[in-house]
Amino acid sequence: FLINLLGVRVFGELEFWFSSIKVIALIALILFGIIVDLGGNPAHDRIGFRYWQPPDGPFGIYKLKEVGGNVPLARFLGFWAVMVNSLFAYMGTELIGVTVGEAENPRKNIPKAIKRSR
């Protein structure tokens, strides 16, 4: 609130610096996550690649009997099963956020829509 009272020049300068801090923090957090996943943690354990074991690596065989022994299809189905679950978890919150941004009167209509969807 106080920044808005200082004038346009100060607001623009502070906006620039705060945005720069945000971008630097985002890059630092991404690098930190990669370093920790690759073994830069106190246990020196590669967390991100723990289950990438040969011969399949990240693509496990899923429902091999149901597809008649077709290994490439079973690997694709394993990847797709994980993708569907992750997209389902992500889209629940993302869909509400997009809806709020496009709603006519979000304070009134979004709670009403959420109550109706139960």
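The values are calculated or read from the model by the stated rules, or taken from the named source; none is laboratory data. Quick caveat, the model's predicted, so the values are computed rather than measured. Neighbour counts run over all protein chains shown; Cβ positions are idealised from the backbone, glycine included. Quick note on the areas: whole protein, heavy atoms, side chains included, nothing else; ligands and nucleic acids left out. Shrake-Rupley method; radii C 1.70, N 1.55, O 1.52, S 1.80 Å.
Along each principal axis, taking the top coordinate minus the bottom one, the Cα set of the chain gives 69, 47, 22 Å in descending order.
Solvent-accessible surface of the chain, taken per residue with a 1.4 Å probe and all protein chains present: 88 Å².
Under the simplified labelling scheme, the TRP17-ASN41 pair shows an inter-label distance of 3.7 nm, with each label point 7 Å from Cα along Cα→Cβ.
Potential lengthening of the chain between VAL98 and ALA28 amounts to 22.5 nm, from the contour at 0.36 nm per residue minus the alpha-carbon distance.
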